[in-house]
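Student: Starting off with a structure, shown below.
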Amino acid sequence: MKNNSSNHYSQEVMDFVKVLLHNKGMDKMPAEILKDMMLDLYLRLENWLMLDLMNVLDEKNLKEFDEFAESQDDPMNLDSKELRDFLELRIPNLNEVIENSMKNFSEVYLSGGNLNK
């Protein structure tokens, strides 16, 4: 993997994070703190999604993902067309997996549960 850091932000995921923080009552925090909280929650959600996606791949596809990740500058970029294409070919119900993952994340976050898988 060339780059492990997240320097991208999926607008869809960022919007979801904003709603979560609002629902948790955190959107009244000072702007700088809210910005940090959004980034932290975004990265946690991104990791959560990637783990759920990797969990539905079989061993062969996981090996292919490792090869794919090695060839990408930012393999975890949720806005990446290459990542989306890769996953769509291997996970027929990709949108359902993503929706369920985000729903589960939301339930855990809003209930005060542990977001570390």
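Student: For ASN104, only one of the following conditions fails: (1) on the phi > 0 side of the Ramachandran plot; (2) part of a helix (DSSP H, G or I). What is its number?
Tutor: All conditions are met except number (1).
Student: Between residues in the range 103-116 that are small (Gly, Ala, Ser) and residues that are at pLDDT 90 or above and surrounded by fewer than 11 Cβ atoms within 10 Å (Cβ to Cβ), which pairs lie under 9 Å by C-beta distance while being six or more apart or on different chains?
Tutor: GLY113/GLU107
Student: Also: Working carefully through the options LEU89, LEU62, LEU39, find the one that is farther than 28 Å from ASN114 by Cβ, without any contact (Cβ under 8 Å) to a residue 12 or more places away in the chain and among the hydrophobic types (A, V, I, L, M, F, W, C). So that I can check it myself, show each step before the final result.
Tutor: Working: LEU62 fails: farther than 28 Å from ASN114 by Cβ; LEU39 fails: farther than 28 Å from ASN114 by Cβ.
Within the list LEU89, LEU62, LEU39, the selection yields LEU89.
Student: Could you say whether any residue in the range 43-51 is in a helix (DSSP H, G or I), among the hydrophobic types (A, V, I, L, M, F, W, C) and free of Cβ contacts under 8 Å to residues at least 24 places away in the same chain? Reasoning before the result, please.
Tutor: The initial filter retains those residues of the range 43-51 that are in a helix (DSSP H, G or I), namely 43-51.
Those still in the list that are among the hydrophobic types (A, V, I, L, M, F, W, C) too: 43, 45, 48-51.
Cutting the leftovers down to free of Cβ contacts under 8 Å to residues at least 24 places away in the same chain gives us none.
No: the range 43-51 contains no residue that is in a helix (DSSP H, G or I), among the hydrophobic types (A, V, I, L, M, F, W, C) and free of Cβ contacts under 8 Å to residues at least 24 places away in the same chain.
Student: Just for the range 43-62: of the residues that are charged (D, E, K, R) and over 12 Å from the mean Cα position of the chain (by Cα), which one is nearest to SER10 (Cα to Cα)?
Tutor: Here is the first cut: in the range 43-62, the ones charged (D, E, K, R) are 44, 46, 52, 58-60.
Narrowing further to those that are over 12 Å from the mean Cα position of the chain (by Cα): 58-60.
Working: ASP58: 26, GLU59: 28, LYS60: 28 Å.
Step by step, filter the range 43-62, then rank; the result is ASP58.
Student: Taking LYS103, is it of a type in the set (Lys, Arg) and modelled with pLDDT of 95 or more?
Tutor: Numbers: of a type in the set (Lys, Arg): yes; modelled with pLDDT of 95 or more: yes.
Yes: the conditions hold for LYS103.
Student: So, one more: Return the total of residues in the range 87-117 being more than 11 Å from LEU53 (Cβ to Cβ) and of a type in the set (Val, Ile, Thr).
Tutor: Final tally of qualifying residues: 1.
Student: Filter the range 1-20 for residues that are hydrophobic (A, V, I, L, M, F, W, C) and closer than 25 Å to ASP66 by Cβ; which is modelled with the lowest pLDDT?
Tutor: Narrowing the range 1-20 to residues hydrophobic (A, V, I, L, M, F, W, C): 1, 13-14, 16-17, 19-20.
Add one more test, that the residue is closer than 25 Å to ASP66 by Cβ, and what stays is 1, 13.
Details: MET1: 35, VAL13: 88.
That would be MET1.
Student: Consider GLU32 against the criteria (1) surrounded by 11 or more Cβ atoms within 10 Å (Cβ to Cβ); (2) farther than 14 Å from VAL17 by Cα: it satisfies all of them except one. Which criterion is unmet?
Tutor: GLU32 satisfies all of (1) surrounded by 11 or more Cβ atoms within 10 Å (Cβ to Cβ); (2) farther than 14 Å from VAL17 by Cα except (1).
Student: For the range 64-85, give me the residue count where each residue is out of contact with any Asp or Glu (no Cβ under 8 Å at 6 or more places or on another chain) and either hydrophobic (A, V, I, L, M, F, W, C) or surrounded by fewer than 16 Cβ atoms within 10 Å (Cβ to Cβ) (or both).
Tutor: Going through the range 64-85, the residues out of contact with any Asp or Glu (no Cβ under 8 Å at 6 or more places or on another chain) turn out to be 64-67, 69-71, 73-75, 77, 79, 81-85.
Imposing the further condition that a residue be either hydrophobic (A, V, I, L, M, F, W, C) or surrounded by fewer than 16 Cβ atoms within 10 Å (Cβ to Cβ) (or both) reduces the set to 64-67, 69-71, 73, 79, 81-85.
Final tally of qualifying residues: 14.
Student: Here's something else I'd like to know. What do you reckon, is ASP40 outside any loop (DSSP other than H, G, I, E, B), over 12 Å from the mean Cα position of the chain (by Cα) and among the acidic types (Asp, Glu)? I'd like the intermediate steps shown before the answer.
Tutor: Values: outside any loop (DSSP other than H, G, I, E, B): yes; over 12 Å from the mean Cα position of the chain (by Cα): no; among the acidic types (Asp, Glu): yes.
No: the conditions fail for ASP40.
The values are calculated or read from the model by the stated rules, or taken from the named source; none is laboratory data. This is a predicted model, so every value here is computed, not measured. Note that each Cβ is placed from the backbone with ideal geometry, even for glycine, and that neighbours are counted across all protein chains shown.
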